1. Around residue 105, under 14 Å between beta carbons, what's the net of Lys plus Arg minus Asp minus Glu among the other residues?
2. In debye to the nearest 20, how big a dipole does the chain give about its Cα centre with +1 on each Lys and Arg Cβ and -1 on each Asp and Glu Cβ?
3. Net charge within 13 Å of residue 12 by Cβ-Cβ distance, Lys/Arg positive one each and Asp/Glu negative one each, not counting residue 12 itself?
4. Rounded to the nearest 500, what is the 222 nm mean residue ellipticity of the chain from helices alone, with -39500 (n - 2.57) per DSSP H run of 4+ residues and division by all residues?
5. For the range 113-183, which chymotrypsin sites (Phe, Trp or Tyr not before Pro) pass both filters: DSSP loop (anything but H, G, I, E, B) and at most 16 other C-beta atoms within 10 Å?
6. Per residue of the range 17-34, in order, report the coupling 6.51 cos²θ - 1.76 cosθ + 1.60 (Karplus, θ = phi - 60°) as ³J(HN,Hα) in whole Hz, putting x for Gly and Pro.
7. Could you check which residue among 60, 111, 86 shows the biggest mean-square fluctuation in a GNM of the chain with a 10 Å Cα cutoff?
8. Return the lysines within reach of residue 148: Cα separation strictly under 22 angstrom, same-chain partners fewer than 8 residues apart disregarded; answer none if there are no such residues.
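Read the figures in this text as sums done on the coordinates, not as results from a lab. Please read all numbers here as calculations on a predicted model, not as lab measurements. Neighbour counts are summed over all protein chains in view; Cβ atoms, including those assigned to glycine, are modelled from backbone coordinates with ideal geometry.
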Amino acid sequence: MSYTPRLKKKYKETIVTNLISEFDYSSPMQAPKLEKVCLNQGIGRAVADKKLIDQAVEEMTLITGQKAIATKSKKDISNFILRKGMPIGVKTVFRGDKMYEFVDRLVSVAMPRTRDFRGISNKGFDKFGNYTLGIKEQIIFPEIDIDKVKNITGMDITFVTTAKTKKEAMALLSALGLPFKTN
């Protein structure tokens, strides 16, 4: 018997049927689903200190459980002493079972560890039904040892969905457990 993540099982068994009844879809295939989750961490001070990129790659690899890659600048910007091809950030992308596992850990373990947490903003949606969330500190993840962290940096987490509207995407992500603020 193969392993199925808890959140994926919940999606298939209950969330799809709830979305079908809420939005009057004629087929379960019309229900929006989560395609991928992208983590991105920009390291602006990496222009001066190359070791920051290595530390960020190591931390993101710990958080995600898969190898993170360094992102490079696309063009020269003289005001920032930035040359084309210099590493300036770190990213990783999840799909499939790892994606559901990460979202489950983010919602049930990492977000409650945030100081003064009152929910996430519902203003991070784009017109295509994707949602971007900013995290101020990477130390909210339990995989990170606070004593070994030299620089506290934030990261962006983007949830890419197949939803056509913001309302559909909000319903999907709320059902997956993302705690949106109520106005």
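1. Numbers: positive: 6, 8, 98, 113; negative: 97, 101, 104, 143.
For residues surrounding residue 105, the net value is 0.
2. On the way: 32 positive and 20 negative charges, 93 e Å.
Roughly 440 debye for the chain.
3. Values: positive: 6, 8, 9, 10, 33; negative: 13, 97.
Around residue 12, the charge tally is +3.
4. -7500 deg cm²/dmol
5. Values: sites: 117, 125, 128, 131, 159, 180; in loops: 117, 128.
Taking the range 113-183 and a limit of 16 other Cβ atoms within 10 Å, the loop chymotrypsin sites (Phe, Trp or Tyr not before Pro) found are 117, 128.
6. Taking θ as phi minus 60°, the curve returns 5, 5, 5, 4, 6, 6, 10, 6, 7, 8, 9, x, 6, 7, 5, x, 9, 7 Hz for the range 17-34.
7. 86
8. Here the lysines satisfying the reach criterion relative to residue 148 are 50, 51, 67, 91, 136.
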